Amino acid sequence: MTSLDSDTGTAQAPDSPGGDPLYETVARRLLAQIDIGALRPGDRVPSVRELSRKTGYSITTALKAYEHLEALGAIESRPRSGYFVRLEPVKARALPQTIEVAQGPASLISTDVISSVLETITRPGQVPLAHASPSAELLPTAALHRLTRSLLRSDPAMATSYLMPPGHAGLRQQIARRLADQRCEVSPEDIVITTGSMEAINLSLRLLCCAGDTILMESPTYSGLLQVAEEMRLRVVELPNHPQHGIDPDDLRRAIRRHRVAAALFVQNFNNPTGSLLPEEAKREVVRTLNGHGVPLIEDDIYGELGYGGRATPLKAYDEADLVLHCASLSKTLSPGLRVGWVASHRYRRELIRHKFTLSTATNSLSQMAAAAVLESSLYDRHLRTFRVTLARSVARFSEAVLRHFPPQTVVSRPQGGFVLWIELPRNVDGLELFQRAAREHIAVNPGVIFSANGSYQNYLRINCALPWSAQIEQALATLGRIASWMAKRG
Ligand SMILES: Cc1ncc(COP(=O)(O)O)c(C=O)c1O
């Protein structure tokens, strides 16, 4: 441990470069020691208390650094023994490749493929590795039920009337408060409650774009967003999304110079499917570039709260021109069925309210009331704190099992938040065929092709890890691995 001591021997926490959270600075130092061989596979790393004492950082920072390293697959905790450098760190470190995308607008992949995948994965009785949706067992489901019942008893009139756009005042206040904690200048009046994040994004796109317009998206990205783009007959220019640090601001500058862009639509806080996180400095650059060219950004921040090291800063925090429409929901953190989301924008609030009314009149009142009550109580933050750790552990466990069961050339993403795993299979393994063969075994997964506009990522899969670990899951991953190995050998 001497090198760690000497590295941070001044005991005072220095500023973290690039505005990264402190725990990342600590984690990076430890990673560097693993890289140069100062810490070898199997070595015990200092206890959390020791690390805190030696580095001068708080116990919380030291613990977060270890949780971060664990989620990255660099170290592992052993019950009652402490943290150790993983025995196979090199294997865990390879990352799925980002596929270079053509510079012009992509002709969107057929939504028929997406629809047929959706139809298959929603069949009952399958091991649910497909939907990016946390199991109800990992969410405060019982507390939410109790609260909803008591709201219905205490205020039946409100619960059964319209709660018209912009929506529940207390809920908007809570969302604004949380965004203010993230340095976003948003008042409750700038927030419009929507039916999930998808409605927020739909409203924003419909406000900013017409058929034939060009928008920027990252690749890979969430298939639902590609479906909206296709339905609206938009042209999509894709920016490659690195599985660790997201889009490259230089690619964005080039794309903006080359195309007339109506809007950008990015998921840069724990992107679905890669789990990537755009670093702080790049966030600033991306927003500055878009602001400078007058291009509105629809920020899908649905996973922002689920960083293993804490909440990730929304891009909205860097929005000096009031051109970022911040969209999110409680679907990934509290309850997908609640259908409560929002869009926050001062500039566009009036049009958003109008569009919301014409699209769906209002969002479910009882849901809005329940969401407000949860956010007002300490329940939400308490839940998030444990949920983040649960997700980091779960993703690490799934990832370890995939690397154990799948063919040797398989590589997996190292998400920094969220709960999906992006898997690159050997080149000759077709993800769509694997998806079909898995469905016959009652295992639902998502093939990689549905996450890009141009049909890339054919030998990729995405799996959901927000499930309690069980023998059934282990068995399902083993079955997927067996099919993938057979396909790889078949050639
Ligand atoms: C990136 C992203 N955006 C939006 C959604 C849909 O969110 P909601 O259920 O709140 O409409 C999802 C769901 O998987 C998602 O992954």
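Some notes on this structure:
- The condition of being of a type in the set (Ser, Thr, Tyr) and modelled with pLDDT of 95 or more holds for only one of Thr195, Thr160, that being Thr195.
- Pairs with Cβ under 6 Å, 6+ apart, first in the stretch 206-221 and part of a helix (DSSP H, G or I), second acidic (Asp, Glu): Leu207/Glu351
- Residue satisfying condition, being within 26 Å of Leu379 (Cα to Cα), more than 15 Å from the ligand (Cβ to nearest atom), out of contact with any Asp or Glu (no Cβ under 7 Å at 6 or more places or on another chain) and part of a loop (DSSP other than H, G, I, E, B), within set Gly275, Gly310, Gly294: Gly310
- Gly292 in the same structural domain as Ile353 (by TED's automatic domain parsing), over 22 Å from Ala344 (Cβ atoms) and of a type in the set (Gly, Ala, Ser): no
- Within the stretch 169-205, being part of a helix (DSSP H, G or I) and at positive phi holds for one residue alone: Gly196.
- Once the stretch 325-340 is narrowed to residues that are surrounded by fewer than 24 Cβ atoms within 10 Å (Cβ to Cβ) and within 8 Å of the ligand (Cβ to nearest atom), the residue that is nearest to Ala362 (Cα to Cα) is Arg339.
- Taking the conditions (1) β-branched (Val, Ile, Thr); (2) within 12 Å of the ligand (Cβ to nearest atom); (3) over 17 Å from Trp342 (Cβ atoms) in turn, Thr195 satisfies each one other than (3).
- If the condition is being of a type outside the set (Ser, Thr, Tyr), farther than 24 Å from Asp213 by Cβ and under 15 Å from the mean Cα position of the chain (by Cα), then the stretch 296-327 contributes Gly304, Glu305, Leu306, Gly307, Gly309, Gly310, Arg311, Ala312, Pro314.
- Residues in the stretch 341-355 that are more than 14 Å from the ligand (Cβ to nearest atom) and of a type outside the set (Gly, Ala, Ser): His346, Arg347, Tyr348, Arg349, Arg350, Glu351, Leu352, Ile353, Arg354, His355.
- Residue count, the stretch 467-484 (criterion: loosely packed, with under 14 Cβ neighbours inside 10 Å, in a loop (DSSP other than H, G, I, E, B) and touching a residue at least 40 places away in the same chain (Cβ under 8 Å)): 2
The values are calculated or read from the model by the stated rules, or taken from the named source; none is laboratory data. Source: prediction; values computed, not measured. Ideal geometry is used to build each Cβ from the backbone, glycine not excepted, and the neighbour counts take in all protein chains shown.
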